[in-house]
1. Look through I243, I234 and report the one residue that is within 26 Å of the chain's Cα centre (by Cα), assigned by TED's automatic domain parsing to the domain that holds E477, under 23 Å from R594 (Cα atoms) and β-branched (V, I, T).
2. Could you check D268 against (1) modelled with pLDDT under 95; (2) surrounded by 12 or more Cβ atoms within 10 Å (Cβ to Cβ) and say which number it fails?
3. L154: assigned to a strand (DSSP E or B) and either at pLDDT 95 or above or closer than 22 Å to D62 by Cβ (or both), yes or no?
4. Working only within region 456-488, note down all residues that are assigned to a strand (DSSP E or B) and surrounded by fewer than 21 Cβ atoms within 10 Å (Cβ to Cβ).
5. Among the residues of region 67-90, is there at least one that is without any contact (Cβ under 8 Å) to a residue 24 or more places away in the chain, among the aromatic types (F, W, Y) and surrounded by fewer than 20 Cβ atoms within 10 Å (Cβ to Cβ)?
6. Restricting attention to region 568-597, which residues are in a loop (DSSP other than H, G, I, E, B) and out of contact with any Lys or Arg (no Cβ under 7 Å at 6 or more places or on another chain)?
7. Just one of (1) assigned to a helix (DSSP H, G or I); (2) basic (K, R); (3) under 40 Å from the mean Cα position of the chain (by Cα) trips up R508, so point out which.
8. Working carefully through the options G489, G474, G481, find the one that is farther than 19 Å from R594 by Cα and at pLDDT 95 or above.
Amino acid sequence: MQTMSPDVYHESKLYRIRHSAAHIMAAAVLEMFPEAKIAIGPPIEYGFYYDFDLPRALTEDDLEKIEERMRALIQERVDFVYQEIDPEEGRKLFADQPYKLELIHDILERGTDEYGEKTESPTLSIYKSGIFTDLCRGPHVENSREIHPKAVKLLNVAGAYWRGDADRPMLQRIYGTAWESPKDLKAYLDWMEEVKKRDHRQLIRQLDLVSFHEEAGAGLAYWHPKGAMMRKIIEDFWRDRHIEGGYDFAYTPHIGKAWLWETSGHLDFYRESMYAPMDIDGQEYFLKPMNCPFHIMIYKSSLRSYRELPLRWAELGTVYRYEKSGVLHGLMRVRGFTQDDAHIICTPDQIEAEILRVLRFSLSLLRAFGFEEIIAYLSTRPEKAVGEPARWEQAQESLRRAINAEGLAYDVDEGGGAFYGPKIDLHIKDALGRTWQLTTIQFDFNLPERFDMTYVGEDGQEHQPYMVHRALLGSIERFFGILVEHYAGAFPVWLAPEQARLIPIADRHIEFAKQVEEQLRQAHIRVSTDVSASRMNAKIREAQLQKIPYLLVVGDQEAEAGTVAVRLRGKNRQLGIMSVADFVAHAQKAIVERALE
């Protein structure tokens, strides 16, 4: 399912259709529940939603009735009419709608729009469509005839706190989708079915990889032996590639004194995402949300010379960040995770070569995991920023030239950089065409100054180094979840936690199967033998459900000849009878070449 960039989407007809469908849905809900209180209803990436305060919980039958009424309203061919109103008129118009009154107050008093975002020219505007009027800035279609009544579908209902605040009322959020044609809607619904099949939260249970246990701590992943094996494979590959790439490794503590986080600025800017302090010997300590201050302490452990630079220090460092329970989402959003973190510390004249080097490194790593479609985003200096403008300009041009050198398509987010430096983000597309942000290459002009980082230059004077934060996979947990969904659990041979399973036809073949298993283990192939009492076909079905790349069936003929009957996962895919040595050679070739078989 192809997606548009946010700017293109916001200007598209599809965006206007979905925004208008949200209003039509709200009108239908108000007809069913005249006492309903309405909140907000924006378009989102693949559809729209609207939040309601209703007298009772909605059911599937309710959704069907609302959807039916929406079609009738669309066919009435109502105009969507924009109007600016004065504050008093707005308060009268929405006198019985407390959420709208709160939004009006914020628009006029705080200079924010209906979604809580800052706006330079706060005004009250409404859209009228038939008998429904909503506080809204648009855009919308001109008339509901631009919406195909059979290209709109309500999907589900979920709980949502008003303005995302757990201390505010819980509302009912109705999600829907709208497309330009019924054909587009069907394609989307089919795509959504495939998304559900690939949901990593189901697959990690089905494949016995990872589990979560609310009773022991929400948002914390438990890696089972198969998941842990895959994680080891990923991390070993990551480490090997870093050694080849000229990196050194660091290991740092999980906690640090308050002084460290005060100096870094985390206690000022990031405290709401940090866990409560611990009292140790009368001093406040915090679980680390980031690795960077620890790497800086290692840097400051001795006097540094320009001759030592650049330094490239990498760490698979586990960090802890508080996430509200409502946003936790399997492996994609957790409270404890391992960053594939690294910091590059270098001189100004080294920076351009280092940026190009790390970009190339990232691209090669992502492609090794099977991601070929990669898009770059360059975020530049915001209005409020630390560091000299000349340094910003040099940093931004270094990033831009590196992107151009690799021939990557990229978008520029003008002013979208952090206050402490510009950055490149790399987004990959998965097998379903969804985009995921993985790599970040982030300049930092803030921490070197805060921690008074220096090196002795060729002139014998102290200088402040350049520092670049760099995460290639993002976090091991989230990357693992993306891999599960990208491959639908059918991992390439080199990544599969179990690469082969021996299936003895009868109990008398178990001894031979175990002999073959040992030969494969000696060849570093991850293998097991199914010694259950199940029939052969049941064993094959179970191995296929576990998405094991190679199924090796052994019976009388194979035991006598010293061979295996090789089947590939999936229906009716067979390599036939092979000697054990030939199978080992075949499997090892697939592993080395990172084949998808």
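1. I234
2. It fails just one condition, (2).
3. yes
4. V456, E462, H463, A471, G474 - these are the residues of region 456-488 that are assigned to a strand (DSSP E or B) and surrounded by fewer than 21 Cβ atoms within 10 Å (Cβ to Cβ).
5. no
6. Of everything in region 568-597, those that are in a loop (DSSP other than H, G, I, E, B) and out of contact with any Lys or Arg (no Cβ under 7 Å at 6 or more places or on another chain) turn out to be G570, K571, N572, E593, R594, A595, L596, E597.
7. (3)
8. Criteria check complete, one pass: G481.
The values are calculated or read from the model by the stated rules, or taken from the named source; none is laboratory data. Not measured: the values here are computed from a predicted model. Note that each Cβ is placed from the backbone with ideal geometry, even for glycine, and that neighbours are counted across all protein chains shown.
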